[in-house]
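Please read the structure below before turning to the comments.
Bear in mind these aren't lab numbers, they're just calculated from the coordinates by the rules spelled out. The model shown is predicted, which means the values in this text are computed figures rather than measured ones. All Cβ positions, glycine included, derive from the backbone under ideal geometry; neighbour counts span all protein chains shown.
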Amino acid sequence: MQEPHRWRPLTCEQVAALLDGATFPWWICGGHAIDLLLGRTTRAHGDVDVGVLRGDQPALFERLTRFEVHLAKDGQLRELSSDERGRGTLDPDHHGLWCRPRGESDWALEILLNDGDREEWIFRRHPALRRPLSEVIHHSEDGIPYLAPELQLLFKAKARRQRDEQDFSVALPVLDATQRDWLRGALHRAYPDHAWLDRLGR
C-alpha cells in the first residue's frame with residue numbers, strides 16, 4: 001500500500017527567494033493566489049503551487065538543482081530523468097510536477113505547466129480562451145507574482161471542491177467589473193451551466 005504523501009510546503013516568500021532573479025515568468029497559483037490578492041490568509045493550505053510556461057522548464061530546472069522533480073499523473077509519481085530535466089517533459093498531457101529537496105521525503109512545492117508563450121497565455125482546458133501574458137501575472141504588495149484572480153477562479157470552476165467554493169466567495173467581492181465580465185464570459189464558454197454564473201450576474 002502506497003504511503004500517504006506528506007507535504008511541508010515552502011511559503012510564498014520562500015518560493016520568491018528561490019526564484020529571485022529568474023529569467024522566466026512565474027507566478028503563485030492555487031489558493032495562495034487568492035490570499036496574495038487579498039493580502040491575508042483566508043484558509044489553511046496543504047501545498048503551494050507555482051505556475052510557469054511549459055517552454056520554460058529547462059530554465060526552471062536550473063533553479064531547482066537541489067530538488068528532486070517528479071511528474072504527477074493519474075495518481076502516480078515518477079522522477080524526471082536527467083534528459084527530461086535538460087529539455088523538459090514534452091508530453092502535452094503532463095501538467096503537474098512535484099518537487100522536494102534531495103534526500104527528504106516531504107514535498108515542498110508543485111509546479112503547474114501552463115500553455116502559451118511570453119506573449120500569450122492559453123487556458124489548456126479550452127484553448128480558445130487566451131490572455132496576454134502581461135495581464136495574467138499580478139503582484140502582491142511585497143512584489144510576489146500571482147495568477148490573476150479571474151484566471152485562478154476559472155481553474156477552480158472545474159472541481160468546485162469546498163476550498164474552491166470558499167476561494168470564489170472571498171475573491172468575488174474584490175473583482176472589478178472587467179474581471180467579472182471576463183470570468184463570466186469564460187465560464188459561459190468552458191462551463192455554460194456553471195452555478196457561479198448566477199452569482200456573477202448572467
For strands (runs of 3 or more DSSP E) lying entirely in the stretch 118-202, having 3 or more residues that are surrounded by 15 or more Cβ atoms within 10 Å (Cβ to Cβ) picks out 145-147
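Rundown of residues vs (1) within 30 Å of His5 (Cα to Cα); (2) under 16 Å from the mean Cα position of the chain (by Cα); (3) small (Gly, Ala, Ser), yes/no style:
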site: His94; (1), (2), (3): yes, yes, no
site: Pro101; (1), (2), (3): yes, no, no
site: Pro132; (1), (2), (3): no, no, no
site: His138; (1), (2), (3): no, yes, no
Taking into account only those residues within the stretch 102-113 that are in contact with an Asp or Glu (Cβ under 6 Å, 6 or more places away or on another chain) and not in a loop (DSSP other than H, G, I, E, B), which is farthest from Leu18 (Cα to Cα)?
-> Leu112
Do we have any residue at all in the stretch 1-11 that's over 18 Å from the mean Cα position of the chain (by Cα) and hydrophobic (A, V, I, L, M, F, W, C)?
-> yes
Out of all the residues in the stretch 103-149, which are without any contact (Cβ under 8 Å) to a residue 60 or more places away in the chain, touching a His at 6+ places or on another chain (Cβ under 9 Å) and not charged (D, E, K, R)?
-> Ala148
Tally time: how many residues in the stretch 36-63 are over 25 Å from Glu119 (Cα atoms) and without any contact (Cβ under 8 Å) to a residue 12 or more places away in the chain?
-> 3
Single unsatisfied condition, Arg66 versus (1) closer than 24 Å to Glu119 by Cα; (2) out of contact with any Asp or Glu (no Cβ under 9 Å at 6 or more places or on another chain) | (1)
Inside the stretch 70-101, the number of residues satisfying the requirement of being loosely packed, with under 15 Cβ neighbours inside 10 Å and assigned to a loop (DSSP other than H, G, I, E, B) is 7
Contacts under 8 angstrom Cβ, first residue in the stretch 183-202 being more than 13 Å from Leu172 (Cβ to Cβ), partner part of a helix (DSSP H, G or I) and of a type in the set (A, V, I, L, M, F, W, C), 6 or more apart | Ala186/Leu154; His188/Leu197; Ala190/Leu154; His194/Leu187
Matching residues in the stretch 15-38 (within 27 Å of Arg161 (Cα to Cα) and not small (Gly, Ala, Ser)) number 11
